[in-house]
Each structure stands twice: as C-alpha cells, then as structure tokens.
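Okay, so here's the structure we're looking at.
The values are calculated or read from the model by the stated rules, or taken from the named source; none is laboratory data. These numbers come from a predicted model, not from an experiment. Note that we place each Cβ from the backbone using ideal geometry, even for glycine, and neighbour counts take in every protein chain shown. The accessibility values were calculated without ligands, DNA or RNA, using every heavy atom of the protein model including side chains. Shrake-Rupley method; radii C 1.70, N 1.55, O 1.52, S 1.80 Å.
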Amino acid sequence: QVQLVESGGGLVQPGGSLRLSCAASGIRFGIVVMGWYRQAPGKQRELVATITSIGTTNYLDSVKGRFTISRDNAKNTAYLQMNSLKPEDTAVYYCNAQYLMFNYWGQGTQVTVSS
C-alpha cells in the first residue's frame, strides 16, 4: 500500500522556521513528482511547491525565497524547509505524490504561525 507520512509541523512565532518531512513507502519514489499543499480553514487547498524526479522545482509566489522543497530519493523522503514564516502560512500541510493520473496524499501536519 502507498503511504505518505508527514512530520515536523508545530507552533512557531512569526519569522521562525520549520522543516517538514514526508516519508513515502509503497511507491517507486524516484519516478514520482512530489509536492506540498496546504489548506487553511475556510480556504481551498493550494499548491505550495513541487519537485520532479530530476529536481525541477516550482513554488507558490507567496513562498518564493522563503520555502525550499527537496527530496532524497535514497531515503524515499521529501522535505519542505520553511523560513521567515508568516501568520498567513498557518495551515495544514499535505504531502503529495503524483505519477501520471495517480495521486497519493499524506494525513497532513499542522503548521501554526502565531505570537
């Protein structure tokens, strides 16, 4: 079975940093596009960042320069380094793996940015 497990969320003050991890199993990690999405209460889920199997990245405009997505294919793990966090970044963050028409999702991890 495909399983994606996020970790690393928590409560931080504005300007702080967090690193999210997504451990994948049951998939050929090296061939999938990995992504991070987030969903705040009352809002639609939005794409935060993606990284292809060869390392091409794409970011939501509002996180460019602050967030970095990466992957370690040997460890079947994707990461999202989040710096200079803002209250607007508060959301549940979801890991996603995509291959062709197939999409798999983690359970989500809460990120709260508040003073």
Answer with yes or no whether residue 104 is open to solvent by 10 Å² or more (accessible area, probe 1.4 Å), within 18 Å of residue 4 (Cα to Cα) and either in a loop (DSSP other than H, G, I, E, B) or not aliphatic (A, V, I, L, M) (or both).
yes
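Determine whether residue 84 is within 16 Å of residue 19 (Cβ to Cβ) and of a type outside the set (D, E, K, R).
Details: within 16 Å of residue 19 (Cβ to Cβ): yes; of a type outside the set (D, E, K, R): yes.
When the stated conditions are applied, residue 84 passes them.
Kindly evaluate residue 114 against the criterion of being within 24 Å of residue 2 (Cα to Cα), in contact (Cβ under 8 Å) with a residue 12 or more places away in the chain and over 13 Å from the mean Cα position of the chain (by Cα).
On the way: within 24 Å of residue 2 (Cα to Cα): no; in contact (Cβ under 8 Å) with a residue 12 or more places away in the chain: yes; over 13 Å from the mean Cα position of the chain (by Cα): yes.
When the stated conditions are applied, residue 114 does not pass them.
Confirm whether residue 19 is part of a strand (DSSP E or B), under 20 Å from residue 109 (Cα atoms) and without any contact (Cβ under 8 Å) to a residue 60 or more places away in the chain.
The answer is no for residue 19.
When the residues of the stretch 36-50 are narrowed to those that are assigned to a strand (DSSP E or B) and under 15 Å from residue 6 (Cβ atoms), which ends up nearest to the chain's Cα centre (by Cα)? Working first, answer last.
First, pick out the residues of the stretch 36-50 that are assigned to a strand (DSSP E or B): 36-39, 46-50.
If we keep only those that are under 15 Å from residue 6 (Cβ atoms) as well, we get 36-39, 48-49.
On the way: 36: 3, 37: 6, 38: 8, 39: 11, 48: 7, 49: 7 Å.
Across the stretch 36-50, the extreme among qualifying residues is 36.
Does residue 58 fit the bill of being in contact with a strand residue (DSSP E or B) (Cβ under 6 Å, 6 or more places away or on another chain), open to solvent by 60 Å² or more (accessible area, probe 1.4 Å) and farther than 19 Å from residue 113 by Cα?
Values: in contact with a strand residue (DSSP E or B) (Cβ under 6 Å, 6 or more places away or on another chain): yes; open to solvent by 60 Å² or more (accessible area, probe 1.4 Å): yes; farther than 19 Å from residue 113 by Cα: yes.
Yes.
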All positions within the stretch 22-51 that are closer than 21 Å to residue 112 by Cα and crowded, with 17+ Cβ neighbours inside 10 Å
22, 35, 36, 37, 38, 48, 49
Only one of (1) surrounded by 14 or more Cβ atoms within 10 Å (Cβ to Cβ); (2) out of contact with any helix residue (DSSP H, G or I) (no Cβ under 6 Å at 6 or more places or on another chain); (3) over 19 Å from residue 11 (Cα atoms) is not met by residue 89, so which one is it?
(3)
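Filter the stretch 67-86 for residues that are open to solvent by less than 30 Å² (accessible area, probe 1.4 Å) and within 18 Å of residue 112 (Cα to Cα) and give the result.
Our first condition is that a residue be open to solvent by less than 30 Å² (accessible area, probe 1.4 Å); within the stretch 67-86, this holds for 67, 69, 77-78, 80, 82, 85.
Those that are open to solvent by less than 30 Å² (accessible area, probe 1.4 Å) and within 18 Å of residue 112 (Cα to Cα): 67, 80, 82, 85.
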